[in-house]
Amino acid sequence: MPAKNIIILEKNDSGYRVAFWADVPATRQSFYANPIKRSLWGGASTEENAAIAAGTVTESAEQINVPAGATIPQMQAFLESRWTAFQSYITSYNPWLRYGTFWNGTTWTAGGVS
């Protein structure tokens, strides 16, 4: 699990811009890896940016609109719920299930990433 899961980037007129960090399953990290990728959060450590670049952690930034009168505990609960949904998505999303499957003219060979 990353050391941070939710980072508030800024407050704006309608709510907050927030970065969510999620762990990437080991078998899919190469698909998320990008050596020049860094966090949108300027406070990310060298190690945290390295994890994002390596694809072990992925980041999603979103605008979160906060209803007028929402309390800080309500906002925090909403953000925690949104992070849980993001982590669940990253854990289960796998468009590479058949990656590398090929046909050689005679036989199909199964590929895929779990």
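Rounded to the nearest Hz, the phi-derived 3J(HN,Hα) couplings of the range 96-102 under the Karplus curve 6.51 cos²θ - 1.76 cosθ + 1.60 (θ = phi - 60°) are 9, 4, 10, 4, x, 5, 9, where x marks glycine and proline.
For percent of Cα pairs over 23 Å apart, pick the label among [x] 26; [y] 41; [z] 37 that corresponds to the value derived from the coordinates. Only one option fits the structure, namely [y].
Projecting label points 7 angstrom from Cα along Cα→Cβ for residue 65 and residue 16 puts them 1.8 nm apart.
Seen against the Cα atoms of the chain and their longest principal axis, helix 72-92 is set at about 0 degrees. Residues in the range 46-52 carry Karplus couplings, in order, of 4, 5, 5, 5, 5, 5, 5 Hz; the curve used is 6.51 cos²θ - 1.76 cosθ + 1.60 with θ = phi - 60°, and Gly or Pro positions show x. Using the Cβ-Cβ distance between residue 109 and residue 29 with R0 = 30 Å, the FRET efficiency computed as 1/(1 + (r/R0)^6) comes to roughly 0.80.
Dividing the summed helix terms, -39500 (n - 2.57) for each DSSP H run of n ≥ 4, by the number of residues in the chain produces a 222 nm estimate of -9000 deg cm²/dmol to the nearest 500. Just to be sure I understand: with springs between alpha-carbon atoms less than 10 Å apart, which residue in 89, 99, 16 has the highest mean-square fluctuation in the Gaussian network model of the chain? The residue with the greatest mean-square fluctuation here is 99. Full extension of the chain between residue 98 and residue 56 yields a length gain of 13.0 nm, computed as 0.36 nm times the residue separation minus the alpha carbon distance. Residues whose amide H lies under 5 Å from that of residue 9, counting only those 5 or more places away or on a different chain, are 17, 18, 19; hydrogens are built 1.01 Å from N in the peptide plane.
Here's the picture: charge each Lys and Arg Cβ at +1 and each Asp and Glu Cβ at -1 in the range 1-83, and of 44, 29, 14 the one pushed furthest to the positive end of that dipole is 29.
Readers should treat all values here as calculations from the given coordinates under stated rules, not as data from a laboratory. Computed from a prediction, not measured in an experiment: that's the story for all the values here. Don't worry about glycine lacking a Cβ; one is built from the backbone with ideal geometry, like all the others, and counts go over all protein chains shown.
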